[in-house]
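Below you'll find the structure, written out as structure tokens, and then a few comments.
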Amino acid sequence: MAKPNGIHHFAICTADIKAQIEYFTDVLGMELVALYWMHGVEGAWHGFLKLNDQSSIAFVQTPRIGKIPVEIGKTHSGSPGGDSAPGTLQHVAFNVDTEAELLTMRDRIRSRGVDVFGHIDHGFCKSIYFAGPEGLTLEVSTSEGQAIDADAWIDPEVVTLAGISAEELERFKSPAVFTRPAQPISQPAFDPARPRMAFPPKVYQAIFGASDEQTLARMSETEPPVKLAKRA
């Protein structure tokens, strides 16, 4: 069954990519693995900090981002239980495999002068919480290799309050299997009720009106910024 199996990268806007890189490498021990002009976005830098070989935290800096005001309770939650606007980042939780690693991360973060509260046992995971640059709310968690038991952790009261029917709940717990057809599926007809990116109308049409082959040919950029000698 084709489905996402992890986070490839989580992109966060920044007005100071150097400060973010300094924090995530020093405080959290992540490795900088990419820093380049963002493909297709004029004036933007893109930086990737490694979680593992297939997963990163990414930062995007443009000249415009620093001019956008930060407002706790609107653009940022300010805490792991705080509010922010629908669709915005509430907090980011990083994974470690064991409780011992979680406590090591707690002590590492504190050793860099950053306050941490926790660890806290949530039943299906244990977590610590702390802040990052530019108002980020961050967490490190471990489930110690154990999957979440849906029968124990889906609360019938919250299901009802969310307006989820019994039939919908079963569908959510066991999504339909999709088999890729022999021929690619065309772009759907425009439906204002469905999510869409906020491009200007002409740009939107140019992007989504193109064929998949045209998009691949026109928009792909596969060459890294540094040319390396061939490795044995």
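Based on what the data block shows, is residue 38 more than 12 Å from residue 11 (Cβ to Cβ) and crowded, with 16+ Cβ neighbours inside 10 Å?
Details: more than 12 Å from residue 11 (Cβ to Cβ): no; crowded, with 16+ Cβ neighbours inside 10 Å: yes.
When the stated conditions are applied, residue 38 does not pass them.
Restricting attention to segment 80-106, which residues are surrounded by 12 or more Cβ atoms within 10 Å (Cβ to Cβ) and among the acidic types (Asp, Glu)?
Scanning segment 80-106 gives 83, 99, 101.
Of everything in segment 80-127, what is under 22 Å from residue 59 (Cβ atoms) and either in a strand (DSSP E or B) or among the aromatic types (Phe, Trp, Tyr) (or both)? Give them in sequence order.
92, 93, 94, 95, listed by residue number.
Scan segment 103-126 for residues that are touching a strand residue (DSSP E or B) at 6+ places or on another chain (Cβ under 9 Å) and closer than 26 Å to residue 151 by Cβ and jot them down.
Step one: list which residues in segment 103-126 are touching a strand residue (DSSP E or B) at 6+ places or on another chain (Cβ under 9 Å), which gives 103, 105-106, 109-110, 114-122, 125-126.
Answer for segment 103-126, where residues must be touching a strand residue (DSSP E or B) at 6+ places or on another chain (Cβ under 9 Å) and closer than 26 Å to residue 151 by Cβ: 119, 120, 121, 122, 125, 126.
Is it the case that some residue within segment 167-175 is open to solvent by less than 100 Å² (accessible area, probe 1.4 Å) and either over 27 Å from the mean Cα position of the chain (by Cα) or in contact (Cβ under 8 Å) with a residue 60 or more places away in the chain (or both)? Give the derivation first.
Taking segment 167-175 as the starting set, the residues that turn out to be open to solvent by less than 100 Å² (accessible area, probe 1.4 Å) are 168-169, 173-175.
Now restrict to residues that are either over 27 Å from the mean Cα position of the chain (by Cα) or in contact (Cβ under 8 Å) with a residue 60 or more places away in the chain (or both): 175.
Yes, segment 167-175 contains at least one residue that is open to solvent by less than 100 Å² (accessible area, probe 1.4 Å) and either over 27 Å from the mean Cα position of the chain (by Cα) or in contact (Cβ under 8 Å) with a residue 60 or more places away in the chain (or both).
For segment 201-232, how many residues meet the condition of being exposed (fewer than 10 other Cβ atoms within 10 Å of the Cβ), among the charged types (D, E, K, R) and assigned to a helix (DSSP H, G or I)?
2
Just to check your reading of the model, which residue among 31, 22 is more than 17 Å from residue 135 (Cβ to Cβ), acidic (Asp, Glu), over 15 Å from the mean Cα position of the chain (by Cα) and open to solvent by 90 Å² or more (accessible area, probe 1.4 Å)?
Step by step, each of 31, 22 is checked, and only 31 is more than 17 Å from residue 135 (Cβ to Cβ), acidic (Asp, Glu), over 15 Å from the mean Cα position of the chain (by Cα) and open to solvent by 90 Å² or more (accessible area, probe 1.4 Å).
Assuming residue 139 fulfils every condition listed in (1) in a helix (DSSP H, G or I); (2) in contact with a Gly (Cβ under 9 Å, 6 or more places away or on another chain); (3) within 29 Å of residue 75 (Cβ to Cβ) apart from one, which condition is it?
Among (1) in a helix (DSSP H, G or I); (2) in contact with a Gly (Cβ under 9 Å, 6 or more places away or on another chain); (3) within 29 Å of residue 75 (Cβ to Cβ), residue 139 violates only (1).
Within segment 179-186, is even one residue surrounded by 10 or more Cβ atoms within 10 Å (Cβ to Cβ), of a type in the set (A, V, I, L, M) and without any contact (Cβ under 8 Å) to a residue 24 or more places away in the chain?
No, that holds for no residue.
For segment 41-79, which positions are in a loop (DSSP other than H, G, I, E, B), within 18 Å of the chain's Cα centre (by Cα) and surrounded by 14 or more Cβ atoms within 10 Å (Cβ to Cβ)?
75, 77, 78, listed by residue number.
Being of a type in the set (S, T, N, Q) and touching a Gly at 6+ places or on another chain (Cβ under 9 Å) is the filter here; which residues of segment 142-199 pass it?
187
The values are calculated or read from the model by the stated rules, or taken from the named source; none is laboratory data. This is a predicted model, so every value here is computed, not measured. Note: ideal-geometry Cβ built from the backbone for every residue, glycine included; neighbour counts use all protein chains shown. Note: areas computed on protein heavy atoms with side chains; ligands, DNA, RNA excluded. Shrake-Rupley method; radii C 1.70, N 1.55, O 1.52, S 1.80 Å.
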